[in-house]
Structures are given as structure tokens and as C-alpha cells.
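Peer 1: The structure is given below, and queries will be raised subsequently.
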Amino acid sequence: MKFLHTMVRVSDLEASLNFYVNQLGLIETKRTDVPAGKFTLIYLATALGEPEIELTHNWDSTENYDNGRSFGHVAFEVDDIYQLCQSLMDAGVVINRPPRCGHMAFVKSPDGISVELLQKDKALAPQEPWLSMENTGSW
């Protein structure tokens, strides 16, 4: 058995692609437009051949995609958690759980999907401004 992907519905495709591709650094591996069904599927991964996130965009939907408690989060290993969190914060992304410990942080996608960021290898030494930051929301 091999894990393939996790699917999330997105309401604003451009905002979601900006978050996952430009801010988190994922790459687009495949895109399928289905005019008959009025939806687009976009697959993103950290590298070709790695497990993917499938973004599903229903073209005419005005549905609010709220997330029930049955879905927790997606997680990514990162090279420098402090650098990435600073870059995300500079881009206007709310850091819901700052990386105070140098190991873990949580942010949310434009559609409210919790994204866990985990420091590759061992935790980085705690540093400011992250030590004194409060949680700004739930993850």
C-alpha cells in the first residue's frame, strides 16, 4: 500500500495556489480541468513522486467549506522553521501556533486547513521573536 494524496476543497483557487506554491513552496505536479463537471483538480507535492495534496475547485460553488473536527491537519517537514514562519507572516499568513520551541508551528490555508510545520532533523534553538509570541488562534 502507498499513500497517494489528501484532497481539500478550495473556494479561491488563486489564493490557495499562492499559499501552497508561492508561500509554502510546493510544486504543481498535475492539473485537470473537467468542464462537464465544472471543476479543476490540482495536485501539489514537495517533489515529484512524493505524496500530494489535491486541491479541488468547484467553479460555480458558493459553498463555505468549513472543516469539521474529523479532519485534523496536513504536515510538512521544513528546512528552517523560523525562516519559513517569518516569510509566511510577512506575506500576511497568520501563525496560529508560533514555533517557540524551534520544532513545530501551525498556520492555516486561505480555506482554513490547518498546516503543521515541523523542523527537519532536530529542533532549532529557541529564539525571538517567536519565544514571546502568543497563539493567535486554534490549530
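Peer 1: Any chance you could count how many residues in the stretch 1-25 are over 15 Å from S109 (Cβ atoms) and either in a strand (DSSP E or B) or within 11 Å of the chain's Cα centre (by Cα) (or both)?
Peer 2: Result for the stretch 1-25: 1.
Peer 1: Check off (1) touching a strand residue (DSSP E or B) at 6+ places or on another chain (Cβ under 6 Å); (2) surrounded by 16 or more Cβ atoms within 10 Å (Cβ to Cβ); (3) among the hydrophobic types (A, V, I, L, M, F, W, C) for M7 and give me the number that stays unchecked.
Peer 2: (2)
Peer 1: Mind checking which residues of the stretch 80-116 are in a loop (DSSP other than H, G, I, E, B) and either small (G, A, S) or closer than 18 Å to E128 by Cα (or both)? Quick ask: steps written out before the conclusion?
Peer 2: Within the stretch 80-116, the subset in a loop (DSSP other than H, G, I, E, B) is 80, 91-94, 98-103, 109-113.
Scanning the stretch 80-116 gives D80, A91, G92, V94, P98, P99, R100, C101, G102, H103, S109, G112.
Peer 1: Out of E63, E52, E116, which single residue is within 12 Å of the chain's Cα centre (by Cα) and at pLDDT below 95?
Peer 2: Every option except E116 fails the conditions.
Peer 1: Here are some conditions: (1) without any contact (Cβ under 8 Å) to a residue 60 or more places away in the chain; (2) open to solvent by less than 70 Å² (accessible area, probe 1.4 Å); (3) under 30 Å from M133 (Cα atoms). Q23 meets all but one. Which one does it not meet?
Peer 2: (1)
Peer 1: Is one or more of the residues making up the stretch 53-65 loosely packed, with under 11 Cβ neighbours inside 10 Å and among the β-branched types (V, I, T)?
Peer 2: Narrowing the stretch 53-65 to residues loosely packed, with under 11 Cβ neighbours inside 10 Å: 60, 62-64.
Retained after the next criterion (residues that are among the β-branched types (V, I, T)): 62.
Looking for residues that are loosely packed, with under 11 Cβ neighbours inside 10 Å and among the β-branched types (V, I, T), one finds at least one in the stretch 53-65, hence yes.
Peer 1: Next question. Scan the stretch 86-106 for residues that are touching a helix residue (DSSP H, G or I) at 6+ places or on another chain (Cβ under 6 Å) and surrounded by 17 or more Cβ atoms within 10 Å (Cβ to Cβ) and jot them down. Spell out the reasoning first.
Peer 2: First, pick out the residues of the stretch 86-106 that are touching a helix residue (DSSP H, G or I) at 6+ places or on another chain (Cβ under 6 Å): 88, 91, 95, 98-100, 105.
Of everything in the stretch 86-106, those that are touching a helix residue (DSSP H, G or I) at 6+ places or on another chain (Cβ under 6 Å) and surrounded by 17 or more Cβ atoms within 10 Å (Cβ to Cβ) turn out to be L88, I95, P98, P99, R100, A105.
Peer 1: Let me ask something else about it. Pairs please, first residue from the stretch 79-104 and aromatic (F, W, Y), second anywhere and surrounded by 15 or more Cβ atoms within 10 Å (Cβ to Cβ), Cβ atoms under 8 Å, 6+ apart in sequence or on different chains.
Peer 2: Every condition considered, the pairs that remain are Y82/P99; Y82/G102; Y82/L124; Y82/W130.
Peer 1: Which residues, taken from the stretch 31-47, are touching a residue at least 24 places away in the same chain (Cβ under 8 Å) and either open to solvent by 80 Å² or more (accessible area, probe 1.4 Å) or part of a loop (DSSP other than H, G, I, E, B) (or both)?
Peer 2: Once the filter is applied, which keeps residues that are touching a residue at least 24 places away in the same chain (Cβ under 8 Å) and either open to solvent by 80 Å² or more (accessible area, probe 1.4 Å) or part of a loop (DSSP other than H, G, I, E, B) (or both), the stretch 31-47 yields only T46.
Peer 1: Let me ask something else about it. Considering E54, E50, E63, E28, which residue is under 17 Å from R9 (Cα atoms) and not in a strand (DSSP E or B)? Spell out the reasoning first.
Peer 2: Values: E54 fails: not in a strand (DSSP E or B); E50 fails: under 17 Å from R9 (Cα atoms); E28 fails: not in a strand (DSSP E or B).
Going through E54, E50, E63, E28 in turn, just one is under 17 Å from R9 (Cα atoms) and not in a strand (DSSP E or B): E63.
Peer 1: Continuing with this model, one more query. Taking the conditions exactly as written (touching a residue at least 60 places away in the same chain (Cβ under 8 Å) and at negative phi), does V74 satisfy them or not?
Peer 2: When the stated conditions are applied, V74 passes them.
The values are calculated or read from the model by the stated rules, or taken from the named source; none is laboratory data. No experiment lies behind these values; they were computed from the predicted model shown. Here Cβ is always computed from backbone atoms with ideal geometry, including for glycine, and neighbour counts include all displayed protein chains. Ligands, DNA and RNA are excluded from the accessible area calculation, which covers all protein heavy atoms including side chains. Shrake-Rupley method; radii C 1.70, N 1.55, O 1.52, S 1.80 Å.
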